[in-house]
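Laboratory data are not the source of any read-out in this text; all were calculated from the coordinates shown. Worth saying up front: this structure is predicted, and the values here are computed from it rather than measured. FYI the Cβ positions are ideal-geometry reconstructions off the backbone, even for glycines, and counts take in every protein chain you see.
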Amino acid sequence: MDIQWFPGHMAKTRQQIKRDLGLVDIVIEILDARIPASSQNPDINAVTKGKPRLIVLNKSDLADPVLTSHWESFFLKKGSPATAVDSLSGRGIKRVPGMAQKLAAKKMATLASSGRRPRPTRCMVVGIPNVGKSYFINKLAGRNVARTEDKPGITRGRQWIRAAGSLDLMDTPGVLWPKFADAAVSFRLAATGAIKEDIYDLYDVACNLLGWIMQNYPHALRRRYKIAGEFPVETAEMLQVIGRTRGLLLAGGKVDATRVAQVFIKEFRSGKLGRFTMEAPEDRQV
Ligand SMILES: Nc1nc2c(ncn2[C@@H]2O[C@H](COP(=O)(O)OP(=O)(O)OP(=O)(O)O)[C@@H](O)[C@H]2O)c(=O)[nH]1
Ligand SMILES: [Mg+2]
């Protein structure tokens, strides 16, 4: 699967982030806890280099908790504190203001020593599309001020939002990078919903995802779709099995493969299948 996509508004956002960096004290980088490596935009990392960075592993309710804590330690060792949150329930959100204040402490001390009045810590919230930046900000602010929706590309312009714990948060539109490093990265971005559905083949992504879950979390499939005995060798055949269990049939009794692919991806994304993390810190090259 070769996806190449970098719409004009993403290039603009990248420039905007570069320009606005001087306005903020720290960067809060939102990653998807299911794919902490693939959801980290190398391009934005380069642009925001030099700013203290807090890493937030969002959607941790959908990720494997053991691997999430491995990722937290991994990032901390690399020099960025990281914390897992679930921006739907708010779990983990309370830790964020303290961590952000700590990262900005040096800058605040410098401002105070030059006689400036105390002000909220200014944080730029960055991340790929649909990772939950606006949800995270709304949870932190305790009100729905940032626009959200379950598809990539919702936030269009930047927006400042005041939150408790003396934070000023800048919401930014999601940015991907001009070319994905490899097929595994684009597959994971598509499977988790970071890329718009009209630019990849949902059926291919569903087959790939099914193959990955068959290998890595087989018990989740057995539990969800009540499959006993051996799995079929081919993922396409496995989709047929799921389709029949679910009664997703076309007139004439054939399995509606497109529909099964949609349902399967939806159940994966909503957490109904279980909690999955698609990459571990050990696999990471950098
Ligand atoms: N399960 C789960 N879903 C989440 C979480 N945070 C956000 N979501 C879902 O992710 C979707 C996207 O959230 P947004 O906050 O709009 O994402 P965004 O990063 O602002 O997206 P863009 O503005 O398009 O870049 C929404 O449908 C949320 O329901 C979370 O912690 N857990
Ligand atoms: Mg948004």
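Computed about the Cα centre, the dipole magnitude for the chain is approximately 1520 debye when only Lys and Arg (+1) and Asp and Glu (-1) carry charge, each at its Cβ.
Using only Cα atoms, what is the ratio of the radius of gyration of the stretch 174-215 to 2.2 N^0.38 Å? Don't skip to the end; give the middle numbers.
Values: Rg = 10.5 Å, N = 42, 2.2 N^0.38 = 9.1 Å.
This ratio for the stretch 174-215 stands at 1.16.
Taking only Cα atoms, what is the 0 to 90° angle, nearest 10, from helix 65-77's long axis to the longest principal axis of the chain? Roughly 40 degrees between the two axes.
Take each of the peptides 114-123, 209-218, average the number of other beta-carbon atoms within 10 Å over its residues, and list them starting from the highest. Before the final figure, lay out each step's value.
Values: 114-123: 13.3, 209-218: 16.8.
Taking the mean over residues of other Cβ atoms within 10 Å, the ranking is 209-218, 114-123.
Between residue 69 and residue 201, the modelled label-to-label distance comes to 4.2 nm, taking each label 7 Å out from Cα in the direction of the beta carbon. For residue 77, a cut-off of 18 angstrom between C-alpha atoms picks up these lysines, skipping any fewer than 8 places away in its own chain: 49, 51, 102.
Give me the extension gain from residue 230 to residue 214: residue separation times 0.36 nm, minus the current Cα-Cα distance, reported in nm with one decimal. Don't skip to the end; give the middle numbers.
Values: separation 16, 0.36 × 16 = 5.76 nm, distance 1.07 nm.
Gain in length upon complete extension: 4.7 nm.
Cα axis of helix 95-113 to longest principal axis of the chain: angle in degrees, 0 to 90, nearest 10? Its long axis makes an angle of about 20 degrees.
For the stretch 228-271, the set of GluC sites (Glu not before Pro) satisfying both a DSSP loop assignment and a count of at most 14 other C-beta atoms within 10 Å is given as 230, 234.
Built from the Cα atoms of the stretch 119-180, the convex hull projects on average onto 4.4 nm², one quarter of its surface area.
Shape verdict for the stretch 8-171, please, from the Cα gyration tensor: rounded (a/c under 1.5), prolate (a/b greater than b/c) or oblate. Intermediate values should be presented prior to the final figure.
On the way: a/c = 1.38, a/b = 1.22, b/c = 1.13.
It is rounded, given that a/c, with a ≥ b ≥ c, falls under 1.5.
Stokes-Einstein diffusion for the chain, with the hydrodynamic radius set to the Kirkwood value over Cα pairs and evaluated at 20 °C in a medium of 1.002 mPa s, equals 107 µm²/s. In the chain, a dipole from Cβ-located charges (positive for Lys and Arg, negative for Asp and Glu) runs towards its positive end, and of 83, 70, 40 it is 83 whose Cα lies farthest in that direction. Working note: Debye formula, equal point scatterers on the alpha-carbon atoms of the stretch 158-245, no solvent; log10 I(q)/I(0) at q = 0.14, 0.25 Å⁻¹ is -0.67, -1.25. Run a plain Debye calculation on the stretch 201-283 (Cα atoms as equal point scatterers, no solvent) and give log10 I(q)/I(0) at q = 0.13 Å⁻¹, rounded to two decimals, same order as the q list. Values returned for q = 0.13 Å⁻¹ are -0.39. For the chain, the share of DSSP beta bridges that are antiparallel, to the nearest 5, is 30%.
Here are some pairs, 59/179; 12/107; 139/196; 59/94; which of them have Cα atoms lying more than 21 Å apart in this structure?
Details: 59/179 25 Å; 12/107 28 Å; 139/196 25 Å; 59/94 15 Å.
Among 59/179; 12/107; 139/196; 59/94, the Cα-Cα distance tops 21 Å for 59/179; 12/107; 139/196.
Residues of the stretch 125-156 with amide nitrogen under 18 Å from the 7 Å Cα-to-Cβ point of residue 16? Counting backbone N atoms under 18 Å from the label point, the list is 125-138, 145-149, 151-156. Extents of the stretch 100-144, taken as max minus min of Cα coordinates on every principal axis and listed largest first, are 40, 22, 14 Å.
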